[in-house]
Structure formats: structure tokens, C-alpha cells
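Shown next, in C-alpha cells, is the structure this report addresses.
Bear in mind that the values in this text are calculations on the coordinates, not laboratory data. Please read all numbers here as calculations on a predicted model, not as lab measurements. Here the Cβ positions follow ideal geometry from the backbone for every residue, glycine too, while neighbour counts run over all protein chains shown.
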Amino acid sequence: MTQFFQTISDVLATGEEVKLTTLGRFEICGRAYKMFFDPEAKEWFDAPTRLDVYFHPSKKLTDFIDYNLRQKA
């Protein structure tokens, strides 16, 4: 299992997205630079640009989960 996630990490590090046919896809998305205000300290802090991994489930996966949740209800 560790090798599976390592492979996904390696591919995402190159900037490509990873598609798993029945599960969904992983992709890298950037978050823009932002400024935040801390009311307790009364100071502004910056949150630099960063990259995050997003998972988008496939329709098959969401339908499967919805079906199973309805069966248990």
C-alpha cells in the first residue's frame, strides 16, 4: 500500500494528474497568496502560494456510496 501512495505522489510531483478509472482522479491545484488578519494580535499575516492535492471522485464511486448509504438507512 505504501508503494501505491508513493507512486501517486511521484506522478503528482511532476505536475500530472492521476486517474484511477473506477475511483476518480487526483490533481494538483494552486492556492493563491492571501493576507489574513489576526484580531487578537492585531496583525496581518501572509499565507504564501502553495500547492494542494485534490481528489475528485468518479460518478461510479459516488453512486456506489450513495446506494450503500440508502441501503443502511
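Straight distance only, please: which lysines reach the Cα of Lys72 with their own Cα at less than 24 Å, same-chain residues fewer than 8 apart left out? By straight Cα distance, Lys72 reaches Lys59, Lys60.
Kindly express, to the nearest 10 degrees and within the range 0 to 90, the angle between helix 59-72's C-alpha long axis and the longest C-alpha principal axis of the chain. Orientation of helix 59-72: about 80 degrees from the principal axis. Between 0 and 90 degrees, the angle of helix 2-13 with respect to the longest Cα principal axis of the chain falls at about 50 degrees. Cross-link reach is defined here as a Cα-Cα straight distance under 20 Å, omitting same-chain residues fewer than 8 places apart; for Lys34 the aspartates and glutamates meeting it are Glu43, Asp46, Asp52. Applying both filters, DSSP loop and at most 12 other Cβ atoms within 10 Å, to the trypsin sites (Lys or Arg not before Pro) of the chain gives Lys42.
Assuming charge only on the beta carbon of Lys and Arg (+1) and of Asp and Glu (-1), the dipole of the chain about its Cα centre is about 420 debye to the nearest 20.
Near Thr21: Cβ cut-off under 12 Å, other residues only, Lys/Arg at +1 and Asp/Glu at -1. The net charge is +4. Spacing of the modelled spin labels on Leu61 and Gln3, each 7 Å from Cα toward Cβ, amounts to 2.2 nm. In terms of its C-alpha gyration tensor, the chain has an oblate overall shape, because the principal axis ratio a/c (a ≥ b ≥ c, square roots of the eigenvalues) is not below 1.5 and a/b does not outweigh b/c.
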